[in-house]
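Below: the structure, in structure tokens.
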Amino acid sequence: MNSLDKVYFLEDLIRSRMRVYSTVFENGMRIDKKYTCDGEDVSPPISWDPVSGAASYALIVEDPDAPMGTFVHWVIYNIRGTSLKEGDGSSTSQAGVQGRNDFGRIGYGGPCPPRGHGTHRYFFRVYALKEDLPVKKGVTASELRRMMQGKVLDQGEIYATYSRS
């Protein structure tokens with residue numbers, strides 16, 4: 001996240017009340033290999049509390065422990081409802097508008113830290129938006145944050161960990 005993204009993001013962090021959860025990992029716990037590059041590399045199910053007045057939701061998944069700085073694993077927005085099912089991170093999913101991850105692909109790319117680099121954290125951040133955003137497939141996390149500026153009603157997060165020896 002660059003400094004401009006942090007400025008756009010600050011007012012949203014202050015209001016964070018939305019609960020985010022998953023049926024396959026608890027906050028701060030290790031994510032199952034199935035959802036990583038060592039397994040099926042399929043996106044996990046993620047759910048969140050509804051936010052009054054939200055027209056849609058967005059999700060950004062990031063690893064702040066990557067050796068070259070924060071690494072984006074998934075960007076998706078204009079999500080209807082309050083959950084994403086397992087596999088909704090595929091590039092062909094209709095769950096929302098898929099963005100580009102830092103692997104250079106559209107959709108979800110699971111945890112894949114360098115071997116021996118220790119435990120990495122993967123933050124699943126959900127944003128409740130007061131309006132839909134313009135459809136632009138392949139946006140980056142930075143572009144999505146700029147698009148969301150002034151439109152976030154609430155946000156919440158959950159994180160998982162993963163390491164490879």
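The values are calculated or read from the model by the stated rules, or taken from the named source; none is laboratory data. Just so you know, these numbers come straight off a predicted model, no measurement behind them. Using ideal geometry, Cβ is built from the backbone for each residue, glycine included, and neighbour counts are taken over all protein chains shown.
Given the criterion within 22 Å of residue 27 (Cβ to Cβ) and not small (Gly, Ala, Ser), identify the matching residue among 135, 97, 152. I'd like the intermediate steps shown before the answer.
Working: 135 fails: within 22 Å of residue 27 (Cβ to Cβ); 97 fails: within 22 Å of residue 27 (Cβ to Cβ).
Every option except 152 fails the conditions.
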- Message: Going residue by residue through the range 120-133, is there one that turns out to be hydroxyl-bearing (Ser, Thr, Tyr) and either in contact with a Gly (Cβ under 8 Å, 6 or more places away or on another chain) or under 15 Å from residue 36 (Cβ atoms) (or both)?
- Response: yes
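Quick check on the range 26-36. Is at least one of its residues at positive phi, of a type in the set (S, T, N, Q) and crowded, with 16+ Cβ neighbours inside 10 Å? First the steps, then the outcome.
Our first condition is that a residue be at positive phi; within the range 26-36, this holds for 28.
Subset that is of a type in the set (S, T, N, Q): none.
No.
Here is a yes/no grid of residues against (1) at pLDDT 95 or above; (2) within 15 Å of residue 126 (Cβ to Cβ); (3) more than 16 Å from the chain's Cα centre (by Cα):
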position	(1), (2), (3)
20	yes, yes, no
37	yes, no, yes
65	yes, no, no
89	yes, yes, no
- If you go through 155, 149, the only one that is in contact (Cβ under 8 Å) with a residue 60 or more places away in the chain, of a type in the set (S, T, N, Q), farther than 14 Å from residue 61 by Cβ and in contact with a Phe, Trp or Tyr (Cβ under 6 Å, 6 or more places away or on another chain) is 149
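Would you point out which residue out of 96, 104 is closer than 17 Å to residue 133 by Cα, more than 12 Å from the chain's Cα centre (by Cα) and of a type outside the set (A, V, I, L, M)? Quick ask: steps written out before the conclusion?
Values: 104 fails: closer than 17 Å to residue 133 by Cα.
When all the criteria are applied, what remains is 96.
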